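In what follows, a single structure is set out as structure tokens and then discussed.
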Amino acid sequence: MNDLPNIDKALFHKPNLDEFQNKALQSHPPKILLLYGSLRERSFSRLLAEEAERILKAMGCETKFFNPHGLPQVDDAPETHPKVVELRELVQWSEGMVWSSPERHGAMTGLMKSQIDWIPLSVGAVRPSQGKTLALLQVSGGSQSFNAVNQMRILGRWMRMITIPNQSSVPKAFLEFDDNNRMKPSANYDRVVDVMEELVKFTLLTRSVSGYLTDRYSERKESAEELSKRVNQRAI
């Protein structure tokens, strides 16, 4: 430590395995929130999320959906708007999330981005999305692409979420669902099962220690008020 004069020794922690072993594992069903990025009557991003939800329930998860219909544009309504309050309460409730977006004009949809933008990085000293797991899905009208999932992966990192390595991109989505709006058997369906399985595993593995995993030296130096000011930057 003599070679690190810039470090506050009282706040410097050396990570060790005992910190993990001392955490009691939580045994309740994983709580997963699903968001989708289209308001079309037959929204394939919603249908894909619904298929993912069925798989999650079969794996023992408790799930909730957020219906984005009526969600205002960011800064076009107060934070007390009922849809904003609903979304934020669901984020607080969740231990993991699934984001499912169409690819439109080579990107995730504005509706998908609006939902994420309404989730604050910080409420006081509490970060609502920090340390929660995240799985990414996208649908395309044409050939397979990964633009939407790649963009959402950047956002997941920005929201300080544990974004799992696996992901699903479904090309020509209009061919992947039957007349009952169920996903047909295919390699694409199998990939969705893989992604949900990985999400559940990561959630079970990290939720009990997410507070420890996201405990940072720099933030231990800040007061709650300083943290809130830095993250929210209301003057911008």
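The values are calculated or read from the model by the stated rules, or taken from the named source; none is laboratory data. Treat the numbers as computed from the prediction; the structure is a model and nothing was measured. Counting neighbours? That spans all protein chains shown, and the Cβs are built from the backbone with ideal geometry, glycine included. Ligands, DNA and RNA are excluded from the accessible area calculation, which covers all protein heavy atoms including side chains. Shrake-Rupley method; radii C 1.70, N 1.55, O 1.52, S 1.80 Å.
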statement: Checked region 153-179 for anything open to solvent by less than 20 Å² (accessible area, probe 1.4 Å), under 18 Å from Ala52 (Cα atoms) and not polar (S, T, N, Q); matches are Ile164, Val170, Ala173, Phe177
task: Give the residues of region 182-191 that are surrounded by fewer than 14 Cβ atoms within 10 Å (Cβ to Cβ) and among the polar types (S, T, N, Q), sorted by residue number.
output: Ser186
field: Selection status of Ala125, at pLDDT below 95, under 24 Å from Glu176 (Cα atoms), over 16 Å from the mean Cα position of the chain (by Cα) and among the aliphatic types (A, V, I, L, M)
entry: no
- request: Being more than 22 Å from Val74 (Cβ to Cβ) and open to solvent by less than 50 Å² (accessible area, probe 1.4 Å) is the filter here, so list the residues in region 113-148 that pass it.
  value: Gly131, Thr133, Ala135, Leu137, Val139, Ser140, Gly142, Ser145
- line: Picking from Gly70, Gly106, the residue that is more than 18 Å from the chain's Cα centre (by Cα) and in contact (Cβ under 8 Å) with a residue 40 or more places away in the chain would be Gly106
statement: Flagged in region 43-81 as basic (Lys, Arg) and either more than 21 Å from Pro120 (Cβ to Cβ) or modelled with pLDDT under 95 (or both), in numbering order, are Arg46, Arg54, Lys57
- line: Among the residues of region 94-112, the number that are under 17 Å from Ser43 (Cα atoms), part of a strand (DSSP E or B) and open to solvent by less than 10 Å² (accessible area, probe 1.4 Å) is 4
- prompt: In region 24-60, which residues are open to solvent by 80 Å² or more (accessible area, probe 1.4 Å) and either assigned to a helix (DSSP H, G or I) or touching a Gly at 6+ places or on another chain (Cβ under 9 Å) (or both)?
  reply: Arg54, Lys57, Ala58
field: Only one of Ser27, Ser38 that is within 23 Å of Met152 (Cα to Cα) and among the hydroxyl-bearing types (Ser, Thr, Tyr)
entry: Ser38
- request: Report yes if Thr206 is farther than 16 Å from Gln138 by Cβ and in contact with a strand residue (DSSP E or B) (Cβ under 9 Å, 6 or more places away or on another chain), otherwise no.
  value: yes
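Anything in region 192-215 that is among the aliphatic types (A, V, I, L, M) and open to solvent by less than 50 Å² (accessible area, probe 1.4 Å)? List them, or say none. Break it down into steps so the answer makes sense when it comes.
So the first thing to find is which residues in region 192-215 are among the aliphatic types (A, V, I, L, M), and the list is 192-193, 195-196, 199-200, 204-205, 209, 213.
If the condition is that a residue be among the aliphatic types (A, V, I, L, M) and open to solvent by less than 50 Å² (accessible area, probe 1.4 Å), then Val192, Val193, Val195, Met196, Leu199, Val200, Val209 are the ones that fit.
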